[in-house]
Structures are given as C-alpha cells and as structure tokens.
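The values are calculated or read from the model by the stated rules, or taken from the named source; none is laboratory data. Only a predicted model underlies this, so the values are computations on that prediction, with no experimental measurement involved. Here the Cβ is made from the backbone with ideal geometry for all residues, glycine too, and neighbour counts use every protein chain on show. These accessible areas exclude ligands, DNA and RNA; they are computed on the full protein's heavy atoms, side chains included. Shrake-Rupley method; radii C 1.70, N 1.55, O 1.52, S 1.80 Å.
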Amino acid sequence: MHILFAASEAVPFAKTGGLADVAGALPEALARQGHRVTRVLPLYAAVDRRAHGLKAAGRRVTVPIAGQDVTANVLVSRGPGVDTYLLDHPAFYDRPGLYGEKAQDYPDNLERFTLLSRGALALCARLEIVPDVIHCHDWQTALIPVYLKRMPEAFRGLHRSATVLTIHNLGFQGLFPMERKEVPGLPPEAFGVNGLEFYGRINLLKGGLMHADALTTVSRTYAHEIQDARGGFGLEGVLQSRRERLSGIVNGLDTDYWDPARDPYLKAGYSRQRPGGRAANRPALCRDMGLVATGPGPVLGMVGRLTDQKGVPLVLEALDELVAMGARLAVLGDGDPALVAGMRLAQERHPGRVAIRAGYDEALAHRIYAGCDLFLMPSRFEPCGLSQLIAMRYGAPPIVRRVGGLADTVVPYSERPEAATGFGFTGFSARELVECVHQALAVYGEPRKFKELRRRAMAQDPSWDAHTGEYEEVYRKAMTWARGKPMGVSSMGAG
Ligand code: ADP
C-alpha cells in the first residue's frame, strides 16, 4: 500500500503532544512492514532544517485560499522508510508557535491549515503519486476528506484514494466563524448540516468526521466515550451516526527512542533485566529540580500539558494532603496560566517537597520518567495518553484515572494485584485521587511487592509493531468503502 500521512506535527520535526509521537512513529512502523509511506507537514520555525537534512524538493504547490493563490515551496527530508515533505510558506508557518502563542490561537489558523490540507492534495499531483490511503489527523487536516468528497472533479487524480481520519483529541475541533467560509474554497453546500456546519460555525473536525471513509481514535474506550454526551463535545451524534466506520486503536510508542537502557538524557541506564541503574536517577532528578533527595516516601512525577484535561485541578486540590502523606512531587509542563501559577504557589508552600518546571523540556521529561517512583495522570479525559506508557516502560507505575486510553493500558492494583501495572481510580475527585495514592504508597512501602509491580509495568510491550496490523485492516476497509457506494453530494443531501 502507499499511505500518505498528512499531519500538523510529527516527531522529530515539530511536537506539542501525542499526535506528533504517532505521526512520527506509525509511518516508520508501516514502512517496516513494506508499505510506501509519504508524510506532509508544515515547515514551522521550530523545524531544524540542518538537523533533518532538508533539501529543496524542486516543487511548489499553489492552492486558492479565500480566492487568492497562495504558493508554498516544498522541502523534503528523505528518511530510511519515509519521505517527509514540508510546506514552506513563511507568512503562515515561520512563527514561534505551531497553533498559537500564550494560550491564544493564531487568528489565521483556518488559512494556515487550509494550505496544509489542500497543499497535501496538490502535492500528490505535483509528485504524480496516487496514495491508496490518505491518513489525516485531527482538525488540522480534516478538510482533506471534505475536498475529495465535495470537489471530486478538482482532485480527479485522487478518486481512488481512500481517506482515514484519526481523532487524537475531540476537545480540539477547529472552530471558525461562518463568515470565513470563502477561505477553503469549497462549494456552499459543503457548509450545511451534513458538512462543516456546527451550531452556526465552521467545524473542520466535524467536516472530516462526516466525509472520511474510515474513522479511528486512539483507544477502544475513547471510541465509546466520544459517542456519549459526556465525552462527545457536541459531536456524539455525528460519531454515533458513523459508528460502523469508527474503531479504536491504542497508540504505540517509539521504543527505540524511549529506551531507558540507551537514553542519553539519563544519569544511568537500566532495563527490566538490569534494573540496578535506575536508583541513581532519583537523587539526580531531585537535585535537578530542587527536591529533598533523601528520606522515605516516593517521588511522584508528572509530565504533560498543565490543563483541566490532565486533571491538574485535582492534583492542586489534593496536593497538601499528598505532601502530608510523605510524597514529593516533580512536575514538568506548560499550559493554563492559572494552573501553572497554582503549582508555583504549591512549590512555595512546600519547598523541597514540590517542584514545578514550566515549559517544554525534552531532557527533563526523560529524567522525570526515570527518576520518579510513581507517575501521576489523573486525567478528566484521555484519548490514549503516551505518558503512562513511557512511565511504565521507565519503571514508574502510573496512578491514573480510569478513562480512555488510561483504562485500556493500565491494569489497576485494586482490581488484579497479580497482573497490575499501576493504580487506578474512577471518579473525578480529589478524594478518590488521594485514596488511590494512599493505596500506591502502601504498596510502595513493601519493597518486594513494589519491585514485582515495577517489573510487570516494564514488561509491557508498547511498541508500534504490535498495532500496525490493526491500521492495515482499517486501511483495507477504507479502500473498500471508498470504492463502494459514492458518498457524493447527492447521497448526502444538499445539507
Ligand atoms: P497529549 O494529550 O498532550 O498529547 P500524551 O500523553 O498523549 O498527551 O503525550 C504527551 C507527550 O508529550 C509525551 O511524550 C510527553 O512526554 C510529552 N510532553 C508533554 N509535555 C511536555 C513538556 N512540558 N516537556 C517535555 N515533554 C512533554
């Protein structure tokens, strides 16, 4: 198969979250299975042109945006299995952020991701490739299925290409005022209720959900949760109506990159077979972050966006109690300024017991996974979550709220101690979090039991190779569906 990945971020080029890990590792895993994989990304300021050996591809793409032709240069990074094309349009992408700055979205995101989506299709024509499958991700590339279904005559060369849209986080939908509907250059009927319209606004993700041949999300539990009003962010009806096309495939991890035995950021390497080196990482982390390095009680680690989604308000509410129970807390993350400020206040209240580093820091993230005893992830919702997979691989049993991918990937101690890989609680309450940490501390206090738990967490196989087969199956189905009954304008109604 030839698969085109169109995404707004991918490791190692640019990253804000788990989408980048997926768009980085899944193409390579598919290429290892013998598929041809091409990737398209924007060329942000953050992309290191030299490190990735970017070269001019000798191609340009021109797409109409709000009726004006916009041209992007194309650069290419040729990888072992995957060629990555980056669309270079400095006026759109040469900025400090990927989607915005200081918690504010860029006002021209509709134009920016129209260029990415339509540019990816234009690039296929320029390169004279006809992918069997175009795999889109989140709202930023959700216009692709809309273009192919609503303007087949404009993309004639791609009439055999199937589209798959993966939802990494339903909380971000790409919402814009309806007055801007001239931007993507779609026919008016594409903005009806069977298209991009959502309560009077343009919703790019909804457009993709309505038009893609197949839909996936990043865990089975999340695939169910988003069909319910509690997890559907208003799109539950759309998802229910397309449930036969929707499946949940849990994310893998790039296990070469996330390997505690060969991790250059760590004080000392270690593995499940040779766990001894792990012990040196905790004091090093404590020194790095200004935490008390000795004494009883575990170090709890947290790495991730400091947002309501990640359950940071629960942690702030429970924090004094956690410290009173003897825990130390090492937090790395950026996000909601009020939550960052709350963490800073906690650090002032508990010097040496709570430490927060605000910002993005790849090295420190690795040191926290390797240096903490338990990893905290009490998310309100969690499509898949990668941090808990990394934490398990690095020997820090996670304490999670049992939602989405956390429910699918962590076996809680309270349920099956003999098979457990971490700890879990259900209600979104500080009380339940404290009780769960209490239980974790009890196990931590029994070195033999804790060692066994850690060993089992490290023995999980989170590699992508375990999941590529599921994607291949979805791609095959999408190809069948794409060639079956046309889902053209007439069969969908004028909207
Ligand atoms: P998200 O919802 O943000 O995608 P995931 O758990 O799926 O959450 O993925 C988060 C990824 O980003 C992990 O690889 C995590 O280590 C990394 N990460 C998140 N915040 C930071 C940060 N501030 N510094 C370094 N890495 C981070």
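Within region 1-12, the set of residues being touching a strand residue (DSSP E or B) at 6+ places or on another chain (Cβ under 6 Å) and not in a strand (DSSP E or B) comprises 7 only.
Let me confirm something: among 403, 299, 303, which residue is in contact with a Ser or Thr (Cβ under 8 Å, 6 or more places away or on another chain), away from the ligand (no atom under 12 Å from the Cβ) and closer than 24 Å to residue 444 by Cα?
Values: 299 fails: in contact with a Ser or Thr (Cβ under 8 Å, 6 or more places away or on another chain); 303 fails: away from the ligand (no atom under 12 Å from the Cβ).
It is 403.
Among the candidates 194, 203, 251, single out the residue that is under 20 Å from the mean Cα position of the chain (by Cα), over 30 Å from residue 459 (Cβ atoms) and not acidic (Asp, Glu). So the residue among 194, 203, 251 that is under 20 Å from the mean Cα position of the chain (by Cα), over 30 Å from residue 459 (Cβ atoms) and not acidic (Asp, Glu) is 203.
Take the conditions (1) over 24 Å from residue 263 (Cα atoms); (2) within 16 Å of the ligand (Cβ to nearest atom); residue 294 misses just one of them, which is (2). Please determine, by comparing only the residues of region 36-53 that are open to solvent by 30 Å² or more (accessible area, probe 1.4 Å) and over 19 Å from the mean Cα position of the chain (by Cα), which one is nearest to residue 135 (Cα to Cα). Taking the candidates together, the pick is 36.
Restricting 100, 24 to those that are surrounded by fewer than 14 Cβ atoms within 10 Å (Cβ to Cβ) and of a type outside the set (A, V, I, L, M, F, W, C) reduces the list to 100.
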